[in-house]
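Undergrad: Here it is, the structure in full.
The values are calculated or read from the model by the stated rules, or taken from the named source; none is laboratory data. Bear in mind that the values here come from a model prediction, so they are computed numbers and not experimental data. Using ideal geometry, Cβ is built from the backbone for each residue, glycine included, and neighbour counts are taken over all protein chains shown.
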Amino acid sequence: MSNKIFKLHLLNLNYSSWSLRARIAVEHCNIPCEIITYYKEDPQSYATYKALSPTGLLPLLEINSESGSLLIGESLAILETFAESTPSMWPTDPLDRAHARFVAAEMHGGFLALRKAMSMDWGRRIAPGKITWSPDVQSEIQRIFDVWRACRDRTVSGAGAGADEGYLYGSFTIADAMYVPVVLRFQTYGVEPRDAVIADYMQTVLNTPAMRKLAALAEEERKSHVFPWPEYNLYSDV
């Protein structure tokens, strides 16, 4: 993989959870990668990425190498591609690795009610208790808490392998990258952690150097771009 050149095409940080999943992995794992950002509300930017992406969606990983070029869509596929050259993006323990793939895939294909009810909005803050969630959303919140708690309990018990840095499987993995936007959504919409273990995990995610860097970039983005809020339709699918 060393001879491959990566270009990562993303939607903006503030409102695209799928783009953030790829971007946080690049930042946290120091993956050499050119970042190109697009904005749906800019007609020229929108037309450019729509023409580039085979699905018309972002994120999109452009790979250039001696043997040719390729475009890879879908956040989880992009993260898997990065993991080929950065194996630490999956847990070293085989059982942890299998479980991490399960919970990453569950996030990729599930939690549709939560994603619809909680649009990604990094800079927004709603006080806890201000919103009454539907039973479907409440159920998905509890399932996510169950996932996080099961991962952390396994790590703390020593069933897994490696040092415990506070992430789901001790060190940062693709599973964490997949759930980073959920942590941000819970912060935005005032969803309080169920217990201290979950609260500690959320704080671990929010306080990493990579997240602090991206939070600062997201704030600058909010200052330099006028987004069409509160009309959420432009980014409701991201």
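Undergrad: Filter the range 135-191 down to the residues that are surrounded by fewer than 22 Cβ atoms within 10 Å (Cβ to Cβ) and of a type in the set (S, T, N, Q), then identify the one that is farthest from the chain's Cα centre (by Cα).
TA: So the residue we want is S157.
Undergrad: A further question on this structure: In this structure, is L20 within 23 Å of R222 (Cα to Cα), in contact with a strand residue (DSSP E or B) (Cβ under 7 Å, 6 or more places away or on another chain) and not assigned by TED's automatic domain parsing to the domain that holds W148?
TA: Considered against the rule, which asks whether it is within 23 Å of R222 (Cα to Cα), in contact with a strand residue (DSSP E or B) (Cβ under 7 Å, 6 or more places away or on another chain) and not assigned by TED's automatic domain parsing to the domain that holds W148, L20 comes out as no.
Undergrad: Sticking with this structure for a sec: Do you know which residues across the range 107-116 are in a helix (DSSP H, G or I) and either in the same structural domain as W18 (by TED's automatic domain parsing) or surrounded by fewer than 16 Cβ atoms within 10 Å (Cβ to Cβ) (or both)? Lay out the reasoning, then the answer.
TA: Within the range 107-116, the first condition is being in a helix (DSSP H, G or I), and the residues that meet it are 107-109, 112-116.
The answer is G109, L112, K116.
Let's see how each residue does on (1) closer than 22 Å to I78 by Cα; (2) touching a helix residue (DSSP H, G or I) at 6+ places or on another chain (Cβ under 8 Å); (3) touching a residue at least 60 places away in the same chain (Cβ under 8 Å); (4) of a type in the set (A, V, I, L, M, F, W, C):
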site	(1), (2), (3), (4)
R149	no, yes, no, no
D164	no, yes, no, no
Y167	yes, yes, no, no
T173	yes, yes, yes, no
P181	yes, yes, yes, no
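Undergrad: Next question, about the same structure. Looking only at helices (runs of 4 or more DSSP H) that lie completely in the range 126-238, which have at least 1 residues being at pLDDT 95 or above and among the basic types (K, R)? Give the derivation first.
TA: Values: elements: 135-157, 174-188, 196-206, 209-224.
By residue number, 135-157, 174-188, 209-224.
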